[in-house]
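Reading through the structure tokens given below for one structure.
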Amino acid sequence: MSDWLEISVPVERGEAAEDVAGLLALELPDAASGVEIRPGEIVYWVPLERGETALAEARGAVTVLAASGQPLDASRVAMRPAAPEAEWRDAWKRYFRTIRLTRQIVVVPSWDTHEEAADDRVIHLDPGQAFGTGAHASTRLVLEIMQELADGGARPRRVLDLGAGSGILALAAAALWPEAEVHAVDNDPAAVLVARENAALNGASIATGLEWPPGAFDLVMANIQADVLAELVAALVPRVAGNLILSGLLTEQVDGVAAEYAAAGLRVLRTAPGREDPAWSAALLAR
């Protein structure tokens, strides 16, 4: 018998499914540890002992999302025994394929292939049980800003990916700035393990861990929900020696969160909604 249960949230496939998956990951810690978009549903996994509590939390979150206009029905949220871990990790292979995310950054899952262009920076990625393939608007926004910084001549020496998930932002930093010292930090041990595996898969020199390393950073990426970003202001601002990219923010949240960081001593260079999904926004700040 599996020690895990699946929480299933029925949803139409397409762009709505990506949005709902991202919103669930923002609202529910269990979903933040890994979601899978399947035909007609979004699935994430919870330990057996958390089943009833997690189901109630999922229905509560879906009720809130439905009230905001998402095409969801809380009464259809269900729980069932999960397949063995090897099977649900392999399920990614059916739904996640190679995707170009910026001018240079191309994400290629370990089971797919890609014919590289001369200037490509290819990231080989196995998301596993950690949220972050790069396809969601909040992650793509960070990658686009990183690409703009690189194209503008930025050369950060120390980089921190805070809330790293699968490690995709840290991997992108290592690909864009091979000489940089890159750290990937997450408070979820499963995410740290996946980020470490992905760093090894790419031959990238990335330090992974649960704790923030000491010192300041020339570039910090924090793709985390608004309430957590608000709690981190006092701790994070002193660590920013150069640029800070904030994401994981709905467009109606971004100016307020950016203002809190500005009040603590940073400058807001700009806020920007996603080009493909304007419901999500990111902020670029500087020391």
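The values are calculated or read from the model by the stated rules, or taken from the named source; none is laboratory data. All values reported here derive from a predicted model rather than from experimental measurement. Cβ coordinates were reconstructed from backbone atoms using ideal geometry, including for glycine residues, and neighbour counts include every protein chain displayed.
Overview of values
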| item | result |
| --- | --- |
| Leading residue by the ranking (nearest to residue 109 (Cα to Cα)) among those in segment 143-175 that are in contact with a strand residue (DSSP E or B) (Cβ under 6 Å, 6 or more places away or on another chain) and surrounded by fewer than 24 Cβ atoms within 10 Å (Cβ to Cβ) | 175 |
| Looking only at segment 44-56, and only at residues there that are touching a helix residue (DSSP H, G or I) at 6+ places or on another chain (Cβ under 8 Å) and under 14 Å from residue 8 (Cβ atoms), the one that is modelled with the highest pLDDT | 54 |
| Enumeration of residues in segment 150-166 that are in a loop (DSSP other than H, G, I, E, B), out of contact with any Phe, Trp or Tyr (no Cβ under 9 Å at 6 or more places or on another chain) and farther than 16 Å from residue 213 by Cα | 152, 153 |
| Residue selected from segment 232-267 under the condition assigned to a helix (DSSP H, G or I) and touching a residue at least 40 places away in the same chain (Cβ under 8 Å), by the criterion surrounded by the most Cβ atoms within 10 Å (Cβ to Cβ) | 236 |
| Candidates 202, 198, filtered to the one that is touching a residue at least 40 places away in the same chain (Cβ under 8 Å), under 17 Å from the mean Cα position of the chain (by Cα) and in the same structural domain as residue 179 (by TED's automatic domain parsing) | 198 |
| Matching entry among 185, 106, 194 (being surrounded by fewer than 23 Cβ atoms within 10 Å (Cβ to Cβ), among the β-branched types (Val, Ile, Thr) and modelled with pLDDT under 95) | 106 |
| Residue count for segment 205-231, restricted to those that are crowded, with 19+ Cβ neighbours inside 10 Å and either of a type in the set (Lys, Arg) or in a loop (DSSP other than H, G, I, E, B) (or both) | 2 |
| Residues of segment 187-204 satisfying the condition of being over 21 Å from residue 30 (Cα atoms) and not in a helix (DSSP H, G or I) | 202, 203, 204 |
| Counted residues, segment 272-287 - those being surrounded by 15 or more Cβ atoms within 10 Å (Cβ to Cβ) and out of contact with any Leu (no Cβ under 8 Å at 6 or more places or on another chain) | 2 |
| Matching entry among 238, 213 (being in contact with a His (Cβ under 9 Å, 6 or more places away or on another chain) and at pLDDT 95 or above) | 213 |
